[in-house]
Amino acid sequence: MNKSIAASAWSGMIAMMFMFGAIISWQIFPPPSPSLPMAEWAAHFTENRTGVFVGSVLMCIGSSLFFPFFGGFYGCLKVAEGKHTPLTYGMMMIVPFGFLPLFLVMICFVTAAYRPEMSTEMTAALADAGMFLLVIPGFIGLAQWVVTGIIILRDVNPQPIFPRWLGYANIWVGILAAPGSFIPFFKTGPFAWNGVFAFWVPVFTFGMLLTAVLWAMLRAAKHPAMQQDQS
Amino acid sequence: MIAVPIKQPAERPAKHIPGEEGIWVLIFGDMVVFAIFFVTFLVYKAGNPAAYEADQALLNPHLGLLNTLLLLTSSLFMAQAVRLARLGAKEAPAMITATIVLGLGFVVVKAFEWGEKIRAGLTLTHSEFFTYYYMFTGIHLMHVLIGLGVLLWLRSSCKPSEQYPVATFEGCGVFWHLVDLLWVVLFALLYLMK
């Protein structure tokens with residue numbers, strides 16, 4: 001077994017747990033409605049300051065742990081793609097672009113809660129920015145998962161590194177991530193930031209996909225082509 | 001007395017899944033999510049039927065019908081492409097070309113229709129109905145564009161004289177039929193249903 005790949009997969013599972021902990025700690029699961037009065041929305045952060053700060057620490061740990069996970073995932077995808085790996089390089093650039101907003105979400109929420117004497121308007125605006133950063137990168141998710149799906153489906157190995165259904169599942173989740181990019185248009189309904197299509201469907205399918213990827217990486221760690229550099 | 005011929009049980013054909021098993025993850029997954037789309041739309045519509053019907057009357061059903069005909073015909077050509085690929089006939093790639101041309105026709109009509117609505121001030125945020133109209137037809141259009149990309153790849157990778165990759169033809173066909181099926185339901189839901 002390729003222990004580096006297996007360790008990367010498990011770091012993804014731990015990362016998911018920390019990130020889920022952060023969202024719970026920020027009290028945005030389920031997300032409050034964007035149509036809340038501004039004072040109520042600002043109070044959500046000023047009255048839960050400790051939760052916001054704890055959540056930020058959890059997010060800091062969780063989002064960092066995602067990078068070893070993706071490192072292992074790239075390792076598998078590179079072997080799947082073959083000698084020349086332009087799509088894997090593309091994926092390597094898209095992922096940091098999609099994950100950087102998570103760091104900024106944390107900064108926005110912490111800043112919103114840091115000085116309770118700050119004006120309601122300022123607090124609410126920072127909190128809005130945090131929610132936008134969290135949900136808007138939908139199209140980045142689309143690019144990331146569709147590219148991943150194509151790499152998996154074009155596997156050059158006689159015995160593929162990942163099962164082909166995982167490639168199709170990636171494309172499916174990618175398509176479903178896209179509506180998140182439209183949240184600025186809405187304050188109510190299924191496409192608002194707390195709506196079924198902008199939040200619940202992408203979050204649920206993303207969670208399912210990450211779990212499937214984790215399982216597939218543990219399986220790929222035993223693949224003969226992943227053992228070649230092991231001493 | 002009439003002698004009734006006893007029917008011999010026919011040999012059951014081996015089970016055949018069109019395309020490959022994996023693609024059905026995408027097909028069924030998409031169908032489930034679109035079913036959630038449709039139910040959500042109906043629930044919101046039931047809350048304010050008069051407003052929805054007033055907005056529905058602003059749509060151009062002729063353009064919707066034209067797009068339905070374009071996609072249904074394209075699906076027919078796609079089915080022919082799969083049939084001819086199975087037979088190894090040299091016309092199979094031409095059928096893919098016809099499917100692509102009709103699919104592009106759908107995109108052009110959709111762009112014209114959206115342009116017409118936007119010029120009339122009926123944008124994404126005009127009303128709940130138009131939010132659904134743009135979002136649902138937009139997500140569907142994304143499927144059409146992905147389907148066209150896949151068909152272009154298929155068309156460029158097969159020559160008339162070759163042995164055709166039948167499973168690939170079937171997989172592309174299954175996805176294109178999904179695109180068609182979703183549009184037929186969207187057409188009924190957005191343009192026709194009172």
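Per-residue Karplus couplings for segment A:174-185, computed as 6.51 cos²θ - 1.76 cosθ + 1.60 with θ equal to phi - 60°, are listed in order as x, 4, 6, 6, 4, x, x, 5, 9, 4, x, 6 Hz, Gly and Pro entered as x.
Note on segment B:85-114 and segment A:22-48: Cα centroid distance 49 Å, given to the nearest whole angstrom. Computed from point charges on the beta carbon alone (+1 for Lys and Arg, -1 for Asp and Glu), the dipole magnitude for segment A:3-223 about its Cα centre is near 840 Debye. Compute log10 of I(q)/I(0) for chain A with the Debye formula, placing one identical point scatterer on every Cα and leaving out solvent, at q = 0.09, 0.10, 0.13, 0.17 Å⁻¹, to two decimals. Treating every Cα as an identical point scatterer, log10 I(q)/I(0) equals -0.40, -0.49, -0.77, -1.16.
What FRET efficiency, computed as 1/(1 + (r/R0)^6) with R0 = 35 Å and r the Cβ-Cβ distance, is obtained for A:Lys83 and A:Trp215, rounded to the nearest 0.05? Before the final figure, lay out each step's value.
On the way: r = 27 Å, r/R0 = 0.78.
The calculated FRET efficiency here is 0.80.
Note on chain B: with a GNM built from Cα contacts shorter than 10 Å, the maximum mean-square fluctuation among B:Gly105, B:Gly171, B:Gly121 falls on B:Gly121. In a reduced charge model with +1 at each Lys and Arg Cβ and -1 at each Asp and Glu Cβ, the protein assembly as shown shows a dipole moment near 980 debye about its Cα centre. Projected onto their three principal axes, the Cα atoms of the protein assembly as shown cover extents of 94, 71, 52 Å, largest first. Bridging of A:Lys222 to lysines at a Cα separation below 20 Å is possible for A:Lys3, A:Lys78, once same-chain residues fewer than 8 apart are set aside. Coupling constants for segment B:128-134 follow from the phi torsions by the Karplus curve (6.51 cos²θ - 1.76 cosθ + 1.60, θ = phi - 60°), and in residue order they are 4, 4, 6, 4, 4, 4, 6 Hz; glycine and proline get x. Relative to the Cα centre, the charge distribution of segment B:44-129, modelled as +1 at Lys and Arg Cβ and -1 at Asp and Glu Cβ, gives a dipole magnitude of about 400 debye. Qualifying trypsin sites (Lys or Arg not before Pro) in segment A:145-231, where qualification requires a DSSP coil assignment and no more than 15 other C-beta atoms within 10 Å, comprise A:Arg154, A:Lys187, A:Lys222. Note on segment A:1-157: dipole from Cβ charges, positive end direction compared against A:Val110, A:Asn48, A:Met59; the farthest Cα belongs to A:Met59.
Ranking B:Ile36, B:Ala51, B:Leu182 by how far each Cα lies toward the positive end of the dipole of segment B:36-192 (charges on Cβ) leaves B:Leu182 at the top. So if we plug the beta-carbon distance of B:Ala188 and A:Phe67 into 1/(1 + (r/R0)^6) with R0 = 30 Å, what FRET efficiency do we get, rounded to 0.05? Plugging the Cβ-Cβ distance into 1/(1 + (r/R0)^6) gives 0.05.
Sparsely packed loop sites in segment A:63-165 (the GluC sites (Glu not before Pro) outside DSSP H, G, I, E and B with at most 13 other Cβ atoms within 10 Å) comprise A:Glu117. Shielding value for B:26-36 is 4, the average number of Cβ atoms from other chains within 10 Å of each residue's Cβ. Remark: segment A:44-52, residue by residue, has Karplus-estimated 3J(HN,Hα) of 4, 9, 6, 8, 10, 4, 4, x, 5 Hz, where x stands for each Gly or Pro and the curve is 6.51 cos²θ - 1.76 cosθ + 1.60 at θ = phi - 60°. For B:Lys110, the lysines whose Cα falls under 26 Å of its own Cα, not counting residues fewer than eight places away in the same chain, are B:Lys45, B:Lys194. Comparing A:Gly90, A:Gly98, A:Gly180 in a Gaussian network model of chain A, where Cα atoms under 10 Å apart are tied by springs, the biggest mean-square fluctuation is seen for A:Gly90.
For the pair B:Val166 and B:Leu152 in one chain, pulling the backbone fully straight at 0.36 nm per residue adds 3.4 nm over the alpha carbon distance. A helix-only calculation puts chain A at -24000 deg cm²/dmol for mean residue ellipticity at 222 nm, using -39500 (n - 2.57) for each DSSP H run of at least four residues, averaged over all residues.
Axis of helix B:166-187 versus longest Cα principal axis of chain B: the two differ by about 30°, to the nearest ten degrees.
Placing dummy labels 7 Å off each Cα toward the beta-carbon, the span from A:Met208 to B:Val39 is 1.3 nm.
Between the amide H of A:Gly189 and any residue lying 5 or more places away or on another chain, no distance stays under 5 Å, with hydrogens modeled in the peptide plane. Kindly flag which residue pairs out of A:Lys83/B:Lys15; B:Lys15/B:Lys90; A:Lys83/B:Lys159 have an alpha-carbon separation exceeding 31 Å in this structure. The pairs that break the limit, which is 31 Å between Cα atoms, are A:Lys83/B:Lys15. For B:His140, neighbours were defined as the other residues whose beta-carbon sits under 15 Å from its Cβ, and their charges (Lys and Arg +1, Asp and Glu -1) total -2.
A short reminder: the numbers here are calculations on the coordinates, not readings from a lab. These numbers were taken from a predicted model, which means no experiment stands behind them. As a convention, Cβ positions derive from the backbone with ideal geometry for all residues, glycine included, and neighbour counts pool all protein chains shown.
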